[in-house]
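Asks: Below are the structure tokens for one structure; questions will follow.
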Amino acid sequence: MTDNAQPTPSLDAELKPLRDRIDTLDQTIIQLLNERAGVAMEVGEVKKRYHAPAFRPEREAEVLRKIVAGNPGPLRGDSLHFIYREIMSACRALENTTRVAFLGPVGTFSEAAAFAAFGKSVEGQPCASIDEVFRATEAGTADFGVVPVENSTEGVVNRTLDLLLHTPLRISGEVEIPVHHNLMTRSGNMDGVTRICAHAQALAQCATWLSTHYPEIERTPVASNAEAARMARDDATVAGVASAAAATNFGVHIVARNIQDDPHNSTRFAVIGTLDTAPSGRDQTSLVVSTPNVPGAVHKLLEPLARNEVSMTRFESRPNRTRVGTGVWTYYFYIDIEGHQRDPKVAAALAELRELCAFFKVLGSYPLT
Ligand SMILES: O=C(O)C(=O)C[C@]1(C(=O)O)C=C[C@@H](O)C=C1
């Protein structure tokens, strides 16, 4: 301990009254938090009588927006957002247990996304694949699933888009999380390392950094980044690329932080479930359509949106692997539009669009984050 860090009598004397004030405020905060929890439990009782679900994404979005808009500071808005996500998660847990399936094992970005969407007071269910997340949620062994949709560097997650096509589930919400990759080993240095392991997507997202810093070390794709962290723990010749949470989980040391080539690398996840999310005031609707393969068909798709003043925020095409009917390549279009399907203009645009499409499915309306 340095001399500077030694507590001095005058430091203690000055801190004492301030810390006493913090202790008193904490008692008040605890009292108010418990009062809030009591009201949430009453809300829960009312919902049970109406067989309504505990999780209400539109209400949580509304609470978070109000908290951030009414924040006088000095606390940062994103700090309050984080704190209130957990407060609502804890209150919701008193109403009912929410079981959330995600692509495991623990320590993956999918787990981080599940916590970002629901807070930590949930029962997490790590699954071996995206298919299993859909299955668990469809079978009702999980109340909701969290699945990756799109990475800012790597593009869409094809398996999720394919499964969304035919699932009876809806998209009830979405969450985007920054994806920061770290290089980790058992020793905390790269001595004796002969292999760098990670999920193929993570290796691709760090390709330039790895080629610059460790061009001679072989790269091996493995099932998940968390698996790579586990391998690094068990084998001194392996370095893993994974999240900081995975390094902590498996007790390995970070050699280099934030090694992804794009500093703003992020992944968007969908919350899937049986819930039809109500309007929150700022919403988005996701749909998937296919059109007959004739000239001008895609252009025609956009007309009902323009006519009803509905903005399109995403347009993604995927080959239709079943080639229904015609035998020629056709495409599915995954479209995101602004607004909720219950908004009159959105409802009118969707009704017109439905008439033009060989296949038409609204995946869900949910709050913009
Ligand atoms: O308003 C509700 O419906 C509640 O159950 C309360 C509450 C909250 O803590 O504010 C908790 C869970 C819901 O997902 C939404 C909000």
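Values in this text are rule-based calculations from the coordinates and carry no lab data. Everything quoted here is computed from the prediction, not taken from an experiment. Please note: Cβ atoms are built from the backbone with ideal geometry, for glycine as well, and neighbour counts cover all protein chains shown.
Asks: Does the range 86-182 come out rounded, prolate or oblate by the C-alpha gyration tensor, with a ≥ b ≥ c the root eigenvalues, rounded set by a/c under 1.5 and, if not, prolate when a/b is larger than b/c and oblate if not?
Replies: In terms of gyration-tensor shape, oblate.
Asks: Next question, about the same structure. For the range 277-367, just say rounded, prolate or oblate: build the C-alpha gyration tensor, square-root its eigenvalues into a ≥ b ≥ c, call rounded for a/c under 1.5, and beyond that prolate if a/b exceeds b/c, oblate if not.
Replies: Prolate.
Asks: Among DSSP beta bridges whose residues both lie in the range 182-256, state the antiparallel percentage, nearest 5.
Replies: 45
Asks: Right, here's the next one. Restricting things to Cα coordinates, could you compute the convex hull volume per residue of the chain in Å³?
Replies: So the per-residue Cα hull volume is 190 Å³.
Asks: So for the range 188-257, Kirkwood radius off the Cα pairs, Stokes-Einstein at 25 °C and 0.890 mPa s: how many µm² s⁻¹?
Replies: In µm²/s, the coefficient rounds to 210.
Asks: Please list the non-local residues whose amide H lies under 5 Å from the amide H of GLN125, H modeled 1.01 Å from N, same-chain partners needing a gap of 5 or more.
Replies: Here the answer is VAL100, ALA101, PHE102, since their amide H atoms fall under 5 Å of that of GLN125.
Asks: A follow-up question, please. I need the phi-derived Karplus couplings for the range 16-21: 6.51 cos²θ - 1.76 cosθ + 1.60, θ = phi - 60°, integer Hz, Gly and Pro marked x.
Replies: Listing the rounded values in order: 3, x, 5, 5, 4, 5 Hz.
Asks: For the chain, give the share of DSSP beta bridges that are antiparallel, in percent and rounded to the nearest 5; count only bridges with both residues there.
Replies: Given both bridge residues lie in the chain, the antiparallel proportion sits at roughly 75 percent.
Asks: Determine the dipole magnitude for the range 50-128: charges of +1 sit on the beta-carbon of Lys and Arg, -1 on that of Asp and Glu, nothing else is charged, the reference point is the Cα centre, and the result goes in debye to the nearest 20.
Replies: Dipole size: approximately 140 debye.
Asks: Of the candidates PRO74, PRO57, PRO221, which one comes out as most mobile in a Gaussian network treatment of the chain with C-alpha springs shorter than 10 Å?
Replies: Looking only at PRO74, PRO57, PRO221, the largest GNM fluctuation is found for PRO74.
Asks: Cα centroids of the range 160-225 and the range 244-288: how far apart, whole angstrom?
Replies: So the separation of the two Cα centres works out to 13 Å.
Asks: Moving on. Highest GNM mean-square fluctuation, the chain, Cα pairs closer than 10 Å: which of ALA242, ALA204, ALA117?
Replies: For the chain, modelled as a Gaussian network with Cα springs under 10 Å, the answer is ALA204.
Asks: DSSP loop trypsin sites (Lys or Arg not before Pro) in the range 21-127 with at most 13 other Cβ atoms within 10 Å of their Cβ, which ones? Walk me through the intermediate numbers first.
Replies: Working: sites: ARG21, ARG36, LYS47, LYS48, ARG49, ARG59, ARG65, LYS66, ARG76, ARG85, ARG92, ARG99, LYS120; in loops: ARG76, LYS120.
When the trypsin sites (Lys or Arg not before Pro) of the range 21-127 are filtered for loop state and at most 13 Cβ neighbours within 10 Å, ARG76, LYS120 remain.
Asks: Quick one: longest stretch of the chain between exposed loop GluC sites (Glu not before Pro), exposed meaning at most 14 other C-beta atoms within 10 Å and loop per DSSP?
Replies: No qualifying site falls inside 1-215, the longest such stretch.
Asks: Taking the chain as a Gaussian network, where each spring joins two C-alpha atoms under 10 Å apart, which residue of PRO263, PRO304, PRO295 fluctuates the most?
Replies: Largest GNM mean-square fluctuation: PRO295.
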